[in-house]
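Derivation of every value follows stated rules applied to the coordinates shown; laboratory data play no part. Owing to the predicted nature of the structure, the values given are computational and were not obtained by experimental measurement.
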Ligand code: HXC
């Protein structure tokens, strides 16, 4: 379903969205959704060639939109574990006169692998916590001054959308590190919402379930033959998720329609975490 038939096609016109992990998977899916409704987008990722190629794809979407728009997409290389690289990102957003005010930050950068806790080194655990949990804090912290300015310029709250997961809601084999990191992100969403509401910043989360055709899910074994069908049988909504499902959720949460939502993490998983056998 095209985004512009579900949401107004100028929903995010005159706004810039910064998306970490925006070069692929869920992050890129959210970026496609946002440019489709008028946003300018800054993609951040570790590999310059990946974010540059993704930005070129988004500029193609922008130029195909029916309305004339001043929007644009830019790819910038930075590591969410390195605050100095994030300061450079914020400086280049501020210096770019073609970019409208920063109104949305999506924390999509994540690292993961399958490992039993007994096989996981302290550095393996710390690496995933560092990318996911510390990385989310680092980006929020670096972006806050621009988000405050953006909220003031636009006269409506800026929004941070933290991408977590459902791994930690029950417990997930081989995922002690990622589950701890995603639980920390959900907690940070609540704490920052509490403290930053008065600063004009809403902080919300999306906890995606299994999403097809993403490098992240493939890395966890999701690309093996028959997995999507097996998931469809145990998901109440009857199918695996698509990146567009997360894109739709992000558009709602970024919109004025969600203005009274802060601190909440929306589970977008077709009901997968609810699954149990009938007794
Ligand atoms: C055990 C492992 C391991 C593995 C790495 N480590 N892979 N331990 N099993 N398969 C350990 C290493 O041995 C090392 O510890 C430590 O982790 C750091 O490894 P490096 O390779 O030096 O780290 P780095 O180069 O920074 O790479 C980080 C990474 C990498 C997470 C390991 O895979 C990465 O950059 N990933 C980014 C992309 C990604 O994974 N995306 C997936 C997101 S999916 P020692 O002790 O040896 O030094 C996602 C979805 C969740 O989040 C929800 C799904 C439903």
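Using only Cα atoms and rounding to the nearest 10 degrees, what angle (0 to 90) does helix 135-154 make with the longest principal axis of the chain?
30 degrees
Which of these, 54, 232, 17, has the largest mean-square fluctuation under a Gaussian network model of the chain (Cα springs below 10 Å)?
Evaluated over the chain, the most mobile residue of the options is 232.
Taking springs between alpha-carbon atoms closer than 10 angstrom, which of 207, 223, 198 fluctuates most in the Gaussian network model of the chain?
198
Tell me, in nm to one decimal, what length is gained between residue 117 and residue 97 on full extension, where the rule is 0.36 nm per residue of separation less the Cα-Cα distance? Present the calculation step by step, with values, prior to reporting the outcome.
Details: separation 20, 0.36 × 20 = 7.20 nm, distance 4.81 nm.
In short, 2.4 nm is gained.
Among 150, 108, 222, determine the one that fluctuates most according to a GNM of the chain built with springs between C-alpha atoms less than 10 Å apart.
The residue that fluctuates most here is 222.
Roughly how tilted is helix 176-196, in degrees to the nearest 10 and between 0 and 90, from the longest Cα axis of the chain?
40 degrees
Taking the Cα atoms only, what angle lies between the long axis of helix 48-64 and the longest principal axis of the chain, rounded to 10 degrees?
Orientation of helix 48-64: about 60 degrees from the principal axis.
So what is the relative contact order for the stretch 69-214, in percent, with contacts set as C-alpha pairs under 8 Å and at least six apart?
Working: 206 pairs, mean separation 39.0, N = 146.
Reported relative contact order: 27 percent.
Over the stretch 3-265, what relative contact order in percent results from Cα pairs under 8 Å that are six or more residues apart?
Details: 521 pairs, mean separation 50.8, N = 263.
Result for the stretch 3-265 is 19 percent.
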